[in-house]
Amino acid sequence: MSGYAKKKRRNYAAMMSSLDEGVGNITALLKEEGIHDNTLIVFTSDNGANVGYCKTTSFTGENPEGREPGSNFPLRGGKRSVFEGGIRLVSFVHGPGLIRDPGRVSSDMVNLVDWYPTFEDIVREHDTTHTDPPVTSPKDGISFWRVLKKALPGKRRSFLININKRGGISCGPTKAFKAIRSGNWKLIVGGGGPPKDWFHPYKGTVESGPLTYYQLYHIKNDPYETSNVAEVYPAIVLQLLHELAELEHTMVPSRKRKKEDLTSRIRNGTVPTP
């Protein structure tokens, strides 16, 4: 391993150590203020790891080809793809006085947009200073506070993974693609990758072969997406295509905000929200 690679690994280790120290400091302060048991601490992510598909000089020395060193194995794919390695995440939630049965593992279906209504429910339940009916606004998220608080099943049954009409993602899909999850079924239209293979952390890439236009996976039985059963269940493919079409019909265009130096606004607490 080159000196450059060793330096990057040391920097990464230092960042992890700093994060660990920071969390410890915050936790200690929460306990000192007497609010630790009534505070929810959440660790989550927005995508899977970068994997060995994308070659970049940033990792020269990490491996012979200078590829990204991440791995989501045995899940397939990684960041920028719609395979499970790119979208399935692990989250950690800590709140001794708020969560039922601490230490349990939940496999409920949750989307990142569900955090917002979940936090709303938590605040609404514990904030006794407001007695007016809550002001509700349309949102894509579904609260899963009942999952955390009472260990009850969540209410989410499906979610849109992505609709990309252009493709052309750097180190990702080059063509337009769509994907949806409904119950245990997941439909990918247009490829959904690269990255599309399995990236073993020690043994290297396990290639998947060419992508077909329609891919259907039963995620409960096949979480590693090894068996495309689109030809076996054409009715399910049609049903999910219909759901995708309805979602695409109601899409609103994304808003691109001009780049702005937020330094001064961060300092005075007036940072704009999305």
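The values are calculated or read from the model by the stated rules, or taken from the named source; none is laboratory data. This one's a predicted model, so the numbers in the text were calculated from it and none came from an experiment. When we count neighbours, we look across all protein chains shown, and the Cβ atoms used for this are built from the backbone with ideal geometry, even at glycine. Just the protein is used for accessible areas: all its heavy atoms, side chains included, with ligands, DNA and RNA removed. Shrake-Rupley method; radii C 1.70, N 1.55, O 1.52, S 1.80 Å.
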(request) Output the peptides 98-105, 161-168 sorted from most to least packed, where packing is the average of other Cβ atoms within 10 Å over each peptide's residues. (result) 161-168, 98-105
(request) Can you send over the solvent-accessible area of SER107, 1.4 Å probe, protein chains only, in Å² to the nearest 10? (result) 110
(message) Quick check: residue separation of LYS258 and GLU120 times 0.36 nm, minus the Cα distance between them. What number comes out in nm?
(response) 46.8 nm
(request) Using just the helices of the chain, give the 222 nm mean residue ellipticity in deg cm²/dmol: DSSP H runs with n ≥ 4 each add -39,500 (n - 2.57), and the total is spread over all residues, rounded to 500. (result) -8500 deg cm²/dmol
(message) If I require 27 Å or longer along the helix axis, counting alpha carbons, and a Kyte-Doolittle average no lower than 0.0, what helices from the chain are left? Use full DSSP H segments.
(response) none
(message) Pick from GLY97, GLY193, GLY154 the residue whose mean-square fluctuation is largest in a GNM of the chain, springs joining Cα atoms under 10 Å.
(response) GLY97
(request) Considering the convex hull of the alpha carbon atoms of the range 185-274, report its projected area averaged over all viewing directions, in nm², one decimal. (result) 10.5
(message) If you roll a 1.4 angstrom probe over the protein chains with everything in place, what fraction of the accessible area of the chain belongs to carbon and sulfur, to the nearest %?
(response) 54
(request) Springs between alpha-carbon atoms under 10 Å, Gaussian network over the chain: tell me which of ASP114, ASP20, ASP37 tops the mean-square fluctuations. (result) ASP20
(message) Suppose all protein chains stay in the model; what accessible area per residue would a 1.4 Å probe give for the chain, in Å²?
(response) 67
(message) Taking Cα Rg over 2.2 N^0.38 Å straight from the coordinates, which label in (i) 1.85; (ii) 1.10; (iii) 1.16 is the correct one?
(response) (iii)
